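Below: one structure, written as structure tokens.
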Amino acid sequence: MSGNFIIGIHAVRAALKHGRQRIDGLWFDAARNDRRLRQLLDQARAAGLQPEASDKAALDRLTAGANHQGIVARGEIPVSLGESALDDLLGGLTAAPFLLVLDGVTDPHNLGACLRTADAAGVHAVIAPRDRASGLTPVACKVASGAAETVPFFQVTNLSRTLRHLQRVHRVFVVGAAAEAASGLFDVDLAGPLALVLGAEGEGMRRLTGETCDQLVRLPMLGQVESLNVSVAAGICLYEALRQRRG
């Protein structure tokens, strides 16, 4: 699928909200009688766009079979930022940094879900390695439901080096989630400058990433399953941190 397609109702709505100039084409499934779709088309026309009627088969071909919900736009998708921009963002914060770090999350659906939760929890930025990890693909942006537009996403060359930089320069407490950790999530102070680190699906954090963390924590697992999906684990960790940060 081409990288310049924005797919799904939430993603297209966010693109319209955050920059009409980013969209130069819009197609919709004329056979759908969907209130949300009609409202979105009205919003696009109010922004000066001329949506073009199409059909499901044509949109399926355009998006390589992705779940487009009857709406596809052509334009710029959000882009990832680099290390220097991360320093700029942290230097401009008036609150204690609140960061989510994803170590090798390769599934764009999981990345999108993590971005969505990060937005809801008030996270200042999401950080991931540049290699062997998902970036801001159209699928990730669709699942993020607009959060790819609102939460800065940084891809860095060397994740461990970036974590050490956060610790040394910005005094960020780096906490990694690991099943083998001695401390429980609810027993650790997460109220100050914080980076929460979660690992890849099924594999967890890489060894060097775990060794760089200031503290490892485990999530309470009271049932029979051994692990949680990374986006679910991220939600639990982020909201415990949010609870503590709100006092």
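From the residues in the range 62-94 that are without any contact (Cβ under 8 Å) to a residue 12 or more places away in the chain and in a loop (DSSP other than H, G, I, E, B), which one is surrounded by the fewest Cβ atoms within 10 Å (Cβ to Cβ)?
THR94
Give the residue, chosen from VAL151, VAL169, VAL123, VAL101, that is assigned by TED's automatic domain parsing to the domain that holds SER231, at negative phi and in contact with a helix residue (DSSP H, G or I) (Cβ under 6 Å, 6 or more places away or on another chain).
VAL151
If LEU196 satisfies all but one of (1) over 23 Å from GLN244 (Cα atoms); (2) within 18 Å of the chain's Cα centre (by Cα), what's the number of the condition it fails?
Among (1) over 23 Å from GLN244 (Cα atoms); (2) within 18 Å of the chain's Cα centre (by Cα), the lone unmet condition for LEU196 is (1).
Residue-wise test of (1) under 15 Å from PHE98 (Cβ atoms); (2) part of a loop (DSSP other than H, G, I, E, B); (3) not aromatic (Phe, Trp, Tyr); (4) not assigned by TED's automatic domain parsing to the domain that holds PHE173.
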residue: ASP189; (1), (2), (3), (4): yes, yes, yes, no
residue: LEU196; (1), (2), (3), (4): yes, no, yes, no
residue: GLY199; (1), (2), (3), (4): no, no, yes, no
residue: GLY202; (1), (2), (3), (4): no, yes, yes, no
residue: GLU211; (1), (2), (3), (4): no, no, yes, no
residue: MET221; (1), (2), (3), (4): no, yes, yes, no
residue: GLU226; (1), (2), (3), (4): no, yes, yes, no
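Residue-wise test of (1) within 21 Å of ALA121 (Cα to Cα); (2) without any contact (Cβ under 8 Å) to a residue 40 or more places away in the chain.
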site	(1), (2)
VAL139	no, no
ARG161	no, yes
LEU166	yes, no
PRO193	yes, no
GLY202	no, yes
CYS237	yes, no
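Given the structure, is GLY146 more than 18 Å from VAL174 (Cα to Cα), at pLDDT below 95, over 20 Å from the mean Cα position of the chain (by Cα) and in the same structural domain as MET205 (by TED's automatic domain parsing)?
no
Considering only the range 55-64, I want to know if a residue exists there that is at pLDDT 90 or above, among the basic types (Lys, Arg) and on the phi < 0 side of the Ramachandran plot.
Scanning the range 55-64, I find at least one residue that is at pLDDT 90 or above, among the basic types (Lys, Arg) and on the phi < 0 side of the Ramachandran plot, so the answer is yes.
Within the range 120-133, does at least one residue satisfy the condition of being modelled with pLDDT of 95 or more, assigned to a loop (DSSP other than H, G, I, E, B) and surrounded by fewer than 23 Cβ atoms within 10 Å (Cβ to Cβ)?
For the range 120-133, residues modelled with pLDDT of 95 or more, assigned to a loop (DSSP other than H, G, I, E, B) and surrounded by fewer than 23 Cβ atoms within 10 Å (Cβ to Cβ): present.
Where residues in the range 189-223 are among the charged types (D, E, K, R) and at pLDDT 90 or above, which of them is farthest from ARG164 (Cα to Cα)?
Per the stated criteria, the residue is ARG218.
Which condition breaks for LEU115 when tested against (1) buried (at least 21 other Cβ atoms within 10 Å of the Cβ); (2) touching a Ser or Thr at 6+ places or on another chain (Cβ under 9 Å); (3) not in a helix (DSSP H, G or I)?
All conditions pass for LEU115, except number (3).
GLU180 fails exactly one of the following numbered conditions: (1) at pLDDT below 95; (2) in a helix (DSSP H, G or I). What is the number of that condition?
Among (1) at pLDDT below 95; (2) in a helix (DSSP H, G or I), GLU180 violates only (2).
If you scan the range 25-36, which residues turn out to be under 13 Å from ALA73 (Cα atoms) and either of a type in the set (A, V, I, L, M) or loosely packed, with under 12 Cβ neighbours inside 10 Å (or both)?
Once the filter is applied, which keeps residues that are under 13 Å from ALA73 (Cα atoms) and either of a type in the set (A, V, I, L, M) or loosely packed, with under 12 Cβ neighbours inside 10 Å (or both), the range 25-36 yields only LEU26.
The values are calculated or read from the model by the stated rules, or taken from the named source; none is laboratory data. If you're wondering where the values come from, they're calculated on a predicted model, not measured in any experiment. Positions of Cβ are generated from backbone atoms using ideal geometry, with glycine treated the same way; all protein chains shown enter the neighbour counts.
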